[in-house]
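S.K.: Starting off with a structure, shown below.
The values are calculated or read from the model by the stated rules, or taken from the named source; none is laboratory data. Since this is a predicted model, take the numbers as computed values, not measurements. Heads up, the Cβs are rebuilt from the backbone with ideal geometry, glycines too, and the neighbour counts pull from every protein chain shown. Note: areas computed on protein heavy atoms with side chains; ligands, DNA, RNA excluded. Shrake-Rupley method; radii C 1.70, N 1.55, O 1.52, S 1.80 Å.
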Amino acid sequence: MNAPVTPTLLYLDNVTVSFDGFRALNALSLAIDHAEMRAIIGPNGAGKTTMMDVITGKTRPNEGTALFEGSYDLTSLDEADIAQLGIGRKFQTPTVFDMHSVEDNILLALKDDRRPFPTLFSRRTRLERERIDALLERVRLTGHRHRKASELSHGQKQWLEIGMLLAQEPKLLLVDEPAAGMTDQETADTADLLRDIAKTRAVVVVEHDMTFVRDLGVKVTCLHEGSVLAEGSLDAVSADERVIEVYLGR
Amino acid sequence: MMILRDSLRALLVLLALSWASVAMAGPYEDALQKFTTDSYADTDTAIVGVASSGNPQALAVVEALRDGRLLAGAGRVVIRDASGAMTDAATGQAIAGAAPADLKPVRVNNRVRRAIEAALGSMTLMSPDAGKRLDAARAVFRSKDAAALPILDQALAQEKDATVKTILEEARAAILLSAPDISSADRIAAIGVLKARGNQDALALLSSVTGAPEVVEAAQAAAAGIRSRLELWNALQNVWYGISLGSVLLLAAIGLAITFGTMGVINMAHGEMVMIGAYTTFVVQEIIRTQMPGLFGASLFIALPLAFVVAGGIGILIERTVIRFLYGRPLETLLATWGLSLMLQQAVRSIFGPTNREVGTPAWMSGALELGGLSLTYNRIAIVIFAFGVFAALLLVMRYTSLGLFVRAVTQNRRMAGSMGIRTNRIDALAFGLGSGVAGIAGVALSQIDNVSPNLGQGYIIDSFMVVVFGGVGNLWGTLVGAMTLGIANKLLEPYAGAVLGKIVLLIAIILFIQRRPRGLFALKGRAVEA
Amino acid sequence: MSQVFDRRTIVVLVLLAAAAILVPAMNMLAAPGSAFHLSDHLVPLLGKYLAFALLALSVDLVWGYCGILSLGHGAFFALGGYAMGMYLMRQIGARGVYANPTLPDFMVFLNWKELPWFWYGFDWFPFAMLMVLLVPGLLAFVFGWFAFRSRVTGVYLSIITQAMTFALMLAFFRNDMGFGGNNGLTDFKDILGFPIQAASTRVVLFVASAVALAGGYLLCRWIVTSKLGKVLVAVRDAESRTRFLGYRVEHYKLAVFTLSAMLAGVAGALYVPQVGIINPGEFAPANSIEVVIWVAVGGRGTLAGAILGALVVNAGKTWFTGALPELWLFALGGLFVFVTLLMPKGILGTAEEWWERARRKPKAGVAPDALPSAAE
């Protein structure tokens, strides 16, 4: 095993996943650098969600390499391990803990000892309280801190989930369709927030909404049938013959 | 006067006797005389003599002796038939009037009885009726009476019927093997014949062979061969029991495969639908018994559609009043249907009483089919065929009818199905009714092999869930394979572990299996399932 | 700690303390004729209810807070009961029908020559009490380790827990298991040297049940108000979200399932001396499901509701089976349907909802959202 000397943060090579003969990922290769933001686009069934599943340990690839920081083999770790390594994931539909308060949602996500017994005896420290305050401020939920998460609007839940991701202090954020179901203003705000986050961490955004991708203004990877079709700036990718063919049909 | 008359009578008797012996003397008559001495040893000789005489009366004499209807005394032997009429054994002529006072039934003991058996066997070996010859050959096989050897050889020479001939040869082999002074070569040949017979009798004979070492060795080898063949039959019989149990499980679980497997509804009252089907059978039979007894043979066929309608109707009622409010909340559905099952049990208990009700078996379902070393009872055969029939019918319904199509559509994507104009509410109700109705007809079949009591359904619910979960949810084929696997595994385990321990072992195995493959044998894979 | 002792907790503790004082007083001090007298047969009955309440509490901890619907908690209850029963059997000594000093009657009857190894130590009370905790705990640990690791969830888990208790029932019905087969363990004489039938012993057992219930309740309160409790609720409501936050969900489930099984074992150990018998019927799947309905009636995820539900349903059962035995199953079945359909939050949950609604009405309208155009 010859790990790269200056490791990319996330390195996928030749990753293949098949379900009952159907290849959801077909020899996919991808590299994400530290503090890089990347947008992943592609039509339905291109393998975007499956790729996220492989990175976060939900799905084991049939073959291929998935390395984090050049040394951690993601294909042999489970979700909890990978999350603790510093990979955070936001789902397509916002998933927060409905019955907990907004504050508790953040508290549960805060980087801390994740084992049951330390958790049982855990007390909230002043440092943690400050972290929670800062995070709530950042995702604009300070005024809602005592409300139940179930009472939040769709957009607020999306932001709460992003806040929870940040509380994990991840090195890499995987964000699945953050703009889905949002108003234009919310979409723009979300793009700002993600750009801000990407200053210090790597962010991978899967998105359908081309306006949003344009807003992000980052390198774009287009997936099709489980492998990379084109990579580059949005303009370059959208000028690519094959991409046009895939999106518009023959 | 008295003296004179008595002496005259004695003289007459003597005259008669000498006349008989002079006029009709022959081996048969000589043998008959031995019956009159009231000695077991003589009776024994008499039987052999009579049997080998070839006299047309001989069979009647020995049969009469067996049944205690052979009277002897004062030099005469008389046959009394069941109605009390007398026939002279020597002449075959009827005797008028009551039995002479000096005649007493010839006594028999066990040794005599064996001789009778052997004699009857050898005598009927020549009967024109093939069935009688077969019985006789079997009797000789059991008695192993060396005296029957000559007649056996004679019978073999003229026997045309292959089945009878086989048995005759085996009988001959049995005699050769147990009789003294038979050459080793003949005995080994006999072992070969017995080995071909290969049943428990032959095994017993072969294992008790003594004598020359090569004979004993051959017998032991043959016995081992038979033993392993018997074991094979035994295993096959167990497999059959397993298939039969598997069919019962299939019947009980297949309705569940629809409600749980395709609709995701945990119906804990499923067993009660089976129970209701069984009680429907009971009611149908009661009505037939009192109103039109001639239809009894068809009672199950009348009960089938009724059970489907009754159980299906109750199912639809349950779906409309309870379950439809609980879609998407499987655990709550489980609890509510458990409550319903308690109520249904108590309702049946209140109406029909807590004890078992008698459900009769039509004549065409009793008896058994012998197949090689297997014994298949007709009611089990009927249930196996019925279970597979129901399975096939359900498969066709799900695949080729619009109801099946709609159910599958609703299962896969409720909202999309709804927006395409499928009335999902109605499909839910119908699918639930279908599952319940199938449980009802399962109840008709199970009423034939289980006690019809309010607790009938309880006994099946855990097993049915195990079958569906083991086979893989949402897959009828999985249910079939699951039911058969569990049924056969259960019956194959039973001889080693006993019924209860076998069942425990199986339950633990399933629990462990579910850990390995949480979605069963035939699980759907892919992203859609995870959602 | 203040979170542990909320108002409801204090009410529960006060009521339990009152019961622990009043029941003995009314039984022993009040004159037999007076209206305040509690007859001797009612004391163990009430004690049985408290044991059931502890069992319900243990189910609520896993179901109400962690979403694990166990249909096999009756098995842990029964195992705890058997451990206690084995101690009580050994205490009989030579006073059995066969007067064998070491072998319980059923073993003599089955012609056993010596005590099976797994009966060793049960004549010593502390060991038996340890087993009351360890045996159910170990079973739950092994079972849970397999089940949670392979992520068996929802109804699948419910069904295999049911299969587990069913298998145990079949096993305990066997004579060769060495636990008295069909008849189970009974004819107990005394506990820690006190005659088990005596009124004073029964009063002490009642008080012990009340104390155990209070202790169990506080333990559960402590857990559910801690951060661990928050994680459990998170697992219940969004298991994969919890996983992707880095929590190893199976460890949490395993820990709480095992603890809950131990609580159920204690409940069983309290139950057996008060009813005087333990037999394989306690493993029946129907029993475990009934416990779930106690919890549902009282209100799942409230702890106090589990206690309330156990008391209400069991009091109802006692009354029905005495007055209208024919109707009891209708009533119980109807209760299952009614609660799941019309009162999914149970008595306490529903009451809480009303209370919240009544309290909120005056000050309607919450602070405007920070997100400018949040689609409400």
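S.K.: Just the ratio, please: alpha-carbon radius of gyration of segment C:135-230 over 2.2 N^0.38 Å, N its number of residues.
M.R.: So segment C:135-230 has a normalised radius of gyration of 1.51.
S.K.: Can you bin segment C:77-141 into rounded, prolate or oblate? Criterion: square roots of the alpha carbon gyration tensor eigenvalues sorted a ≥ b ≥ c, rounded for a/c under 1.5, prolate for a/b above b/c, oblate for the rest.
M.R.: prolate
S.K.: Oh, and also: By average Cβ neighbour count within 10 Å, what is the ranking of A:142-151, B:470-479 from highest down?
M.R.: Highest to lowest by the protection proxy: B:470-479, A:142-151.
S.K.: Treating only the Cβ atoms of Lys and Arg (+1) and Asp and Glu (-1) as charged, compute the dipole magnitude of chain B about its Cα centre; round to the nearest 20 debye.
M.R.: About 2320 debye.
S.K.: Looking at the protein assembly as shown, send over the antiparallel percent of its DSSP beta bridges, to the nearest 5.
M.R.: The answer is about 70 percent antiparallel.
S.K.: Taking residue B:160 as the anchor, which aspartates and glutamates have their alpha carbon closer than 20 Å to its alpha carbon, excluding any fewer than eight residues away along the same chain?
M.R.: B:129, B:135, B:169, B:170
S.K.: Using the Cα centre of the protein assembly as shown as origin and beta-carbon charges of +1 (Lys, Arg) and -1 (Asp, Glu), tell me which of C:327, B:484, A:200 is placed farthest towards the positive end of the dipole.
M.R.: Going by the charge dipole, the pick is C:327.
S.K.: Taking the alpha-carbon distance from residue C:113 and a cut-off under 15 Å, which aspartates and glutamates remain once sequence neighbours fewer than 8 residues away in the same chain are dropped?
M.R.: C:105, C:176
S.K.: Same structure again: Normalised by the residues of chain B, what does the relative contact order come to in percent, with Cα pairs under 8 Å and at least six apart?
M.R.: 15
S.K.: Further question: When the expected Rg is taken as 2.2 N^0.38 Å, what fraction or multiple of it is the alpha-carbon Rg of segment C:7-358?
M.R.: 1.01
S.K.: Which residues, if any, in segment C:158-173 lose at least 20 square angstrom of accessible heavy-atom surface (probe 1.4 Å) when the other protein chains sit next to their chain rather than the chain being alone?
M.R.: Buried-area filter returns C:159, C:160, C:162, C:163, C:166, C:167, C:170.
S.K.: To the nearest whole percent, what portion of all C-alpha pairs in chain A is separated by more than 27 angstrom?
M.R.: 38
S.K.: Distance check, please: which entries in A:58/A:111; A:171/C:230; B:34/B:144; A:90/A:219; B:195/B:491; A:58/C:345 exceed 31 angstrom between their Cα atoms?
M.R.: A:58/C:345, as the Cα separations exceed 31 Å there.
S.K.: Let me ask something else. Under the rule of -39500 (n - 2.57) per DSSP H run of 4 or more residues, summed and divided by the residues of chain B, what mean residue ellipticity at 222 nm is obtained, to the nearest 500 deg cm²/dmol?
M.R.: Dividing the helical sum by the residues of chain B leaves -23000 deg cm²/dmol.
S.K.: Another question, then. Work out how far the C-alpha atoms of segment B:147-210 reach from end to end along every principal axis, then list the three figures in whole Å, largest first.
M.R.: Here the Cα extents, ordered largest to smallest, are 32, 26, 18 Å.
S.K.: Can I ask one more? Calculate for chain A the 222 nm mean residue ellipticity that helices alone would give, adding -39,500 (n - 2.57) per DSSP H run of length 4 or more and normalising by residue count, nearest 500 deg cm²/dmol.
M.R.: Value at 222 nm, helices only, nearest 500: -10500 deg cm²/dmol.
S.K.: Which of the helices in chain C meet the span-like rule: DSSP H, Cα axial reach of 27 Å or more, Kyte-Doolittle mean at least -0.5?
M.R.: C:42-66, C:73-92, C:125-149, C:154-173, C:199-225, C:249-275, C:304-323
S.K.: So with the 1.4 Å probe, I'd like the accessible area per residue for segment B:210-255, rounded to whole Å².
M.R.: For segment B:210-255, the solvent-accessible area averages 44 Å² per residue.
S.K.: Just to be sure I follow: if Rg is taken over the C-alpha atoms of chain B and Rh is the Kirkwood radius over the same atoms, what is Rg/Rh?
M.R.: 1.21
S.K.: Expressed as a rounded percentage, what relative contact order does segment B:248-524 have, with Cα pairs under 8 Å and six or more residues apart?
M.R.: Here the relative contact order equals 36 percent.
S.K.: Another question about this same structure. Using 1/(1 + (r/R0)^6) with R0 = 35 angstrom and r between the beta carbons of residue A:18 and residue B:419, what's the FRET efficiency to the nearest 0.05?
M.R.: Working from the Cβ atoms, E equals 0.65.
S.K.: Mind putting together the pair-distance distribution for segment B:24-110? All Cα pairs, 10 Å bins, whole percent per bin, short to long.
M.R.: Percent of pairs per bin, in order: 19, 59, 21, 0.
S.K.: Would you mind getting the accessible area per residue of segment C:194-281, heavy atoms of the protein chains only, 1.4 Å probe, in Å²?
M.R.: Computed with neighbouring chains in place, this is 26 Å² per residue.
S.K.: Hey, what angle do you get for helix B:40-53 against the long axis of chain B, alpha-carbon based, 0 to 90 degrees rounded to 10?
M.R.: 90
S.K.: Related question: Buried accessible area for the B:C pair, summed, 1.4 Å probe, in Å² rounded to 100?
M.R.: When B and C are taken together, about 3600 Å² of accessible area is lost.
S.K.: Now, a different point. Quick one: dipole size for the protein assembly as shown, taken about the Cα centre, charges +1 on Lys/Arg Cβ and -1 on Asp/Glu Cβ, in debye to the nearest 20.
M.R.: Approximately 1760 debye in magnitude.
S.K.: Given charges of +1 on the Cβ of Lys and Arg and -1 on the Cβ of Asp and Glu, with all other atoms neutral, how large is the dipole of segment B:248-524 about its Cα centre, in debye to the nearest 20?
M.R.: I would put it at about 860 debye.
S.K.: For B:507, C:130, give the ranking by accessible area with the largest first, probe 1.4 Å.
M.R.: Correct descending sequence by accessible area is C:130, B:507.
S.K.: In square angstrom, rounded to the nearest 10, how much accessible surface does residue C:107 have for a 1.4 Å probe?
M.R.: Residue C:107 exposes around 0 Å² with every protein chain in place.
S.K.: While we're here: Please give the FRET efficiency for residue B:81 paired with residue B:40, using the beta carbon to beta carbon distance and R0 = 30 Å, rounded to the nearest 0.05.
M.R.: 0.75
S.K.: Find the relative contact order for chain A and round it to a whole percent, using C-alpha pairs within less than 8 Å whose residues are 6+ positions apart.
M.R.: Rounded, it is 27 percent for chain A.
S.K.: Give the A-C buried accessible area in Å², both sides summed, 1.4 Å probe, nearest 100.
M.R.: 3600
S.K.: Right, next: Tell me the angle of helix B:330-352 to the major Cα principal axis of chain B, expressed in degrees between 0 and 90 and rounded to the nearest ten.
M.R.: The helix B:330-352 is inclined about 50 degrees to chain B.
S.K.: So, one more: Which percent of the accessible heavy-atom area of segment B:248-524 goes to carbon and sulfur, probe 1.4 angstrom?
M.R.: Heavy-atom surface of segment B:248-524 belonging to carbon and sulfur, 1.4 Å probe: 66 percent.
S.K.: Is segment B:248-524 rounded, prolate or oblate when judged by the Cα gyration tensor, a ≥ b ≥ c being the square roots of its eigenvalues, rounded requiring a/c under 1.5 and prolate requiring a/b larger than b/c?
M.R.: oblate
S.K.: Between residue C:192 and residue A:180, what is the label-point separation in nm under the 7 Å Cα-to-beta-carbon projection?
M.R.: My value for the distance between the label points is 6.0 nm.
S.K.: Still on this structure, I have one more. Considering only protein heavy atoms, what is the solvent-accessible area of residue A:34 at a probe of 1.4 Å, reported in Å² to the nearest 10?
M.R.: Surface open to solvent at residue A:34 totals about 100 Å².
S.K.: Which value results when the Cα radius of gyration for the protein assembly as shown is divided by 2.2 N^0.38 Å?
M.R.: For the protein assembly as shown, the normalised Cα radius of gyration is 1.30.
S.K.: Out of all Cα-Cα pairs in segment A:121-160, roughly what percent, to the nearest whole number, are more than 13 Å apart?
M.R.: 55
S.K.: If each DSSP helix of 4+ residues adds -39,500 (n - 2.57) and the sum is divided by the residues in chain C, what number results at 222 nm, nearest 500 deg cm²/dmol?
M.R.: Roughly -22500 deg cm²/dmol at 222 nm, from the helical runs in chain C.
S.K.: Considering every Cα-Cα pair within segment A:156-213, what fraction, in whole percent, is farther apart than 15 Å?
M.R.: Tail of the P(r) past 15 Å holds 42 percent of the pairs.
S.K.: So what are the ³J(HN,Hα) numbers for segment B:420-435, from phi and the Karplus equation (6.51, -1.76, 1.60; θ = phi - 60°), rounded to whole Hz, Gly and Pro as x?
M.R.: Values per residue, Gly and Pro as x: 8, x, 7, 7, 4, 4, 5, 5, 4, 5, 5, 5, 5, x, 4, x Hz.
S.K.: Still on this structure, I have one more. Run the accessible area of chain C with a 1.4 Å probe and give the carbon-and-sulfur part as a rounded percent.
M.R.: 68
S.K.: Same structure again: Residue B:240 accessible area, nearest 10 Å², 1.4 Å probe?
M.R.: About 40 Å², rounded to the nearest 10.
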